[in-house]
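The values are calculated or read from the model by the stated rules, or taken from the named source; none is laboratory data. These figures come from a predicted structure and were not determined experimentally. Quick reminder, even Gly has a Cβ in these numbers, built from the backbone with ideal geometry, and neighbours come from all protein chains shown. Surface accessibility is based on the protein's heavy atoms, side chains included, excluding ligands, DNA and RNA. Shrake-Rupley method; radii C 1.70, N 1.55, O 1.52, S 1.80 Å.
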Amino acid sequence: MHFRKAVIWPFVFLVRVYQTVLSPILPSACRFQPTCSSYMIEALQVHGVFKGLYLGTKRIISCNPWGPSGYDPVPQKKCTGKH
């Protein structure tokens, strides 16, 4: 297992537990597509643990009745041009 995957795995696991156990019994409240939990997983996979958690947390905070809604994909990682 690559180091990056090993670092994000516990966070992805916790989100998957939420999706499997809690989400089905809670009322549907997410105002975005993809859902906030799916967004968090993708943000972690694309950007790593620090920026992924930042983006996912920012999204969850904005998911409220007074916030925006609609399609909001995870931003793509910027290419630095370094090899």
**Study point:** Of 29, 41, 71, farthest towards positive along the dipole that unit charges on Lys, Arg, Asp, Glu beta carbons give the range 3-71
**Key:** 41
**Study point:** Carbon plus sulfur fraction of accessible area for the chain, probe 1.4 Å, in percent
**Key:** 66
Check your understanding: Which value, in Å², gives the accessible area per residue of the chain when a 1.4 Å probe is used on the protein heavy atoms?
Key -> 76
Point to revise | Kirkwood hydrodynamic radius (C-alpha pairs) into Stokes-Einstein, the range 3-71, 10 °C and 1.306 mPa s, D in µm²/s | key: 128
Revision key, fill the gap. Here, residue 71 and residue 16, labelled 7 Å along Cα→Cβ, have an inter-label distance in nm of 2.8
Study note, to complete from the structure: Sorted by chain and number, the residues with a modelled amide H under 5 Å from that of residue 32, at a separation of 5 or more or across chains, are 70
